[in-house]
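Structure, as structure tokens:
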Amino acid sequence: MIKRVFLGLPFVFRRFRLTSEQMLLMGVNSLPLVALVSVFTGGVAAVQAVYQISDYVPMRYLGTAVGKAVMIELAPVLTALVVAGRVGAAIAAELGTMKVTEQIDALETLALDPVKYLVIPRFIAGLLMLPVLTIFADTIAILGGLGVSAVSLHVSPHIFLNGLKDFFKMMDLTSGLLKAFVFGSIISIIGCYQGFKTTGGAEGVGRSATRAVVISSGLILISDYVVASILFG
Amino acid sequence: MIEIKDVHKNFGENQVLRGVDLTIQKGETMVIIGRSGCGKSVLLKHIIGLLKPDKGKILVDGEDITSSNEGQLNKLRQKFGMLFQASALFDSMTVDENVGLGLREHTKMPEAEIQEKVRETLKLVGLSGIEEKKPAELSGGMKKRVGLARAIAMDPEYVLYDEPTTGIDPIMADVINELIINLRNTLSITSIAVTHDIVSAYKIADRIAMLYEGKIIFIGTPEETKNTDHPVVRQFIEGSAQGPIPAL
């Protein structure tokens, strides 16, 4: 399937509407959930950082600790896990239903390639929207950390932002975005693959959706370790 | 002409087709009858290249569909239309988008002409004014007719019908039967239908073939089928639990 996806990539430009619909579903519609997860992630990161470092590290480094934890690890991984649960399951269920109701066969009888029609738009949407969602999650999580620091931890926003800025490296952001590209590909490919191999009616559709979430989540965590090892090892 | 030659297909241990031989002449309506699960739909899916046989050939106008590559297969598929048992309309698309999909993807027709063609095709199957509806808003009979409209929108030479009258009321079933006959008479379409609805088979068929234990065991006109002495065919058309076919 992966080979057919790459061979069919030029199709995206001919039928951009299919891809833009998926980008909307995968990206824009995931924003509220990602925002909710991110704001609390940032807050928790700030509280935990203060607990762990307050005895031996000055509070001006709180923004540094939260910023790096969010950009490198928390935002890309938690966003990917949320999207895997929300979108990966939906892709597997939608394509699984199409499979068991013979809609995928119907596409083939119309001499249309289901990989081009169904997989590639979802693959491209995953590839592009996960980094966008991750940037959004970075911003919301840092704002969450900043808010909690100011309200509960008595660290002023000025100090927090200075800490964030002083030790910021472009690598912090780009490593997170690189992970997001990888996670986006995993979520869409696994969702499509599970959908395409669905058998056995409604029960099979449910099984495929569950498998898509479990396998994607596992692969997200494994690939997170692999990418981190390559970049920082 | 479609020639099916010694086609075998196994799914694991289950031998579904065990050497099917059948020729469908241009312009005729061939109905393949047989019990549920005997492999009729599997045979139909082989004819349009959705499944590959383990052994044997299927020639469409002399070209072997079983050994075609993706490009050749898609070219051959443009000669076909297929009506699926549960219609298989695309849920996310409107009726207009369903029926016009092949035209939009495979032709350079202007959008206005495509919409006109969709309207004409829907009219041919007795529907109008539903172009903007989604499949979920349609009744079972309407879905079948939209599925039929989608199958014939590209003016195919061959139309395959998978259980065209299953799941709809007897009156709507007869409407579908009339449509199939009408399409053969007006558009000279070659049709292959698989069904276990013997009333429908008698009505639409030029010839009837019976698939039993993975092989074609009988071919004849509807009249010959009604009068045959073949014990398996007799039991099937009489719908009797007693006879050589085990009632499992």
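Derivation of every value follows stated rules applied to the coordinates shown; laboratory data play no part. No experiment lies behind these values; they were computed from the predicted model shown. All Cβ positions, even for glycine, are placed from backbone atoms using ideal geometry, and neighbour counts span all protein chains on display.
Over the alpha-carbon set of region B:30-124, divide Rg by the Kirkwood Rh and report the Rg/Rh ratio to two decimals.
Details: Rg = 16.0 Å, Rh = 15.7 Å.
So for region B:30-124, dividing Rg by the Kirkwood Rh gives 1.02.
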| note | Placing each pseudo-label 7 Å from Cα in the direction of the beta carbon, residue A:231 and residue B:109 end up separated by a distance in nanometres of 5.1 nm
| request: Would you mind computing the Rg to Rh ratio of the protein assembly as shown from its alpha-carbon coordinates, Kirkwood style for Rh? | output: 1.13
| field | Hydrodynamic radius by Kirkwood, which averages 1/r over all alpha carbon pairs of region B:172-240, in angstrom | value | 12.9 Å
| What order do you get for A:192, B:38 when you list them from fewest to most C-beta neighbours inside 10 Å? | B:38, A:192
| Cα principal axis extents for chain B, largest first, Å | 56, 42, 33
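From other protein chains only, count the Cβ atoms within 10 Å of every residue's Cβ in A:96-106, then give the mean. Walk me through the intermediate numbers first.
Numbers: counts 0, 1, 4, 0, 1, 8, 10, 10, 3, 8, 13.
For peptide A:96-106, the averaged partner shielding equals 5.
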| remark: Most exposed to least, judged by fewest other Cβ atoms within 10 Å, B:144, B:215 sort to B:215, B:144
| Peptide B:75-84 - average C-beta neighbours from other chains (10 Å radius) | 3
| task | Could you work out, residue by residue across B:88-94, how many beta carbons of other chains sit within 10 Å of that residue's beta carbon, and then give the average as an integer? | result | 4
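Would you please give the FRET efficiency between residue A:222 and residue B:55, computed as 1/(1 + (r/R0)^6) with r the Cβ-Cβ distance and R0 = 35 Å, to the nearest 0.05? The partial results should precede the final answer.
On the way: r = 42 Å, r/R0 = 1.21.
For residue A:222 and residue B:55, the calculated efficiency is 0.25.
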| query | Any idea how far the Cα center of region B:175-216 sits from the one of region B:1-38, in Å? | reply | 14 Å
| query | Using the per-residue mean of other Cβ atoms lying within 10 Å as a proxy for protection, in what order, highest first, do the peptides A:43-56, B:102-115, B:41-54 fall? | reply | B:41-54, A:43-56, B:102-115
| What are the radius of gyration and Dmax of region A:21-228, computed over its Cα atoms and given in Å? | 19.8, 69
